[in-house]
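Note sheet for the following structure.
The values are calculated or read from the model by the stated rules, or taken from the named source; none is laboratory data. All values reported here derive from a predicted model rather than from experimental measurement. Glycine gets a Cβ as well: all are built from the backbone with ideal geometry, and neighbour counts include every protein chain shown. In case anyone asks, the SASA skips ligands and DNA or RNA and just uses the protein heavy atoms, side chains included. Shrake-Rupley method; radii C 1.70, N 1.55, O 1.52, S 1.80 Å.
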Amino acid sequence: MKHSSTVIPITAVGRARPLLAVPETAAAVPQTAVPATGELLDRLGRPMTDLRISVTDRCNFRCSYCMPKDVFDKDYQYLPHKALLSFEEMTRLARLFAGHGVRKIRLTGGEPLLRKNIEGLIAQLADIRTPGGEPLALTLTTNGSLLGRKAAALKAAGLQRVTVSLDSLDDAVFRHMNDVDFPVADVLAGIDAALAAGLGPIKVNMVVKRGTNDQEIVPMARYFKGTGVVLRFIEYMDVGATNGWRMDEVLPSAEVVQRIHQELPLVQLRASAPGETAERWGYADGTGEIGVISSVTQAFCGDCNRARLSTEGQLYLCLFASQGHDLRQLIRGNASDEQLASAIAAIWQGRSDRYSELRASLPPDAGQGNGKRRVEMSYIGG
């Protein structure tokens, strides 16, 4: 079978960027079939229960921590449509992942609502059942720009809930961070539409950058307190190579909690599910909760249960991965379901990724994964 390479850009921010290949491994079919038993463990004993599917590498925002405009400009070369997995190919893979224990699928991007007829994919995924006959939990992460006009159709197709990225309530700060002059009012209207459509409980994710939007922490908490929306604060992460990440721009989650607690008293809550990324805190008066995701200062690799499938069929085992596994070759090379399922199993069973736990032991100049090029967040989703 001919080897192919995933092509995404390597660049120094602000400079013309050549297109260079990120290393990938052709997914191999093991000689002995691996049966789908409903549970699949990696080398550290972690089960695979969550699958994140990126449906597009395109986004209409240019947030500096994800798709900075000086890299993803008008000349940026996105993946050609023929390279993308079709909805039928995504659904086929999702069904095989479900056989290995996946219970939750999150659609992501880029901005997933830019993918034409995304409702059709959701409807196909909604028909999948686990080995025990249960439907999958279907969620979607969006920047909210198109949510107002699509919320009802997404719900009708079978989507259960949404997570909305929102980094500020201050319109000037928000426009600066999305870097396309998009108004915050339209995202808030999208959240209202999602609430009205029943796409809840809704989560709102705020990426916190010290010196950029950390002054918005308490106002955001006040705004969503008592609404049923769960606000989550995410430490600014060193994903990929284009966002110019610096440790001094990371505001530790502990400080986020402290700032809110001083104004709105909090009590710590138990995790709601194994492998949950967010540490939960409830308002002492019982009017809701917040979450903090501390992937920089407090790694949660130990129970990570998430696999990530790129829009062109590369399987990644970690958000900070420097190598993918090509499933598209097998799909388009007429592999059987048994062969595909066995290949997926072999990949997960060989997994030992724990970048966030190891980060603290790396030298300061090894921020890009000990010299290895890491995949961009915009390519596999957050």
Problem - Residue among Ala221, Ala172 that is among the small types (Gly, Ala, Ser), over 21 Å from the mean Cα position of the chain (by Cα) and more than 22 Å from Arg280 (Cβ to Cβ) - result: Ala172
Handout entry: Tabulated pairs, the range 56-79, first closer than 18 Å to Thr108 by Cα, second β-branched (Val, Ile, Thr) and not in a loop (DSSP other than H, G, I, E, B), C-beta under 7 angstrom, 6+ apart or interchain
Key = Tyr65/Val207
Handout entry: Residues of the range 213-237 that turn out to be in contact (Cβ under 8 Å) with a residue 60 or more places away in the chain, assigned to a helix (DSSP H, G or I) and either touching a Phe, Trp or Tyr at 6+ places or on another chain (Cβ under 7 Å) or within 23 Å of Met247 (Cα to Cα) (or both), as a count
Key = 0
Exercise for the section: Among what's in the range 31-50 and is under 18 Å from Glu276 (Cβ atoms) and in contact with a strand residue (DSSP E or B) (Cβ under 6 Å, 6 or more places away or on another chain), pick the residue that is most open to solvent (accessible area, probe 1.4 Å). Expected result: Pro47
Problem - Unique match (being over 25 Å from Glu376 (Cα atoms), of a type in the set (D, E, K, R) and not in a loop (DSSP other than H, G, I, E, B)) among Glu89, Glu119 - result: Glu119
Handout entry: Filtered residues of the range 294-326 (kept if modelled with pLDDT of 90 or more and part of a strand (DSSP E or B))
Key = Arg306, Ala307, Arg308, Leu309, Gln314, Leu315, Tyr316, His325, Asp326
Completion exercise
Being out of contact with any strand residue (DSSP E or B) (no Cβ under 9 Å at 6 or more places or on another chain), in contact (Cβ under 8 Å) with a residue 40 or more places away in the chain and either crowded, with 16+ Cβ neighbours inside 10 Å or over 19 Å from Asn117 (Cα atoms) (or both) narrows Asp179, Asp167 down to just Asp179
Exercise for the section: Report, by residue number, each residue of the range 250-276 that is assigned to a strand (DSSP E or B) and in contact with a helix residue (DSSP H, G or I) (Cβ under 7 Å, 6 or more places away or on another chain). Expected result: Leu266
Fill in the blank from the handout: The lone condition Gly200 fails out of (1) at pLDDT 95 or above; (2) open to solvent by 30 Å² or more (accessible area, probe 1.4 Å) is (1)
Problem - Matching residues in the range 277-293 - criterion: being open to solvent by 20 Å² or more (accessible area, probe 1.4 Å), in contact with a strand residue (DSSP E or B) (Cβ under 9 Å, 6 or more places away or on another chain) and either among the small types (Gly, Ala, Ser) or in a strand (DSSP E or B) (or both) - result: Glu279, Arg280, Trp281, Ala284, Gly288, Glu289
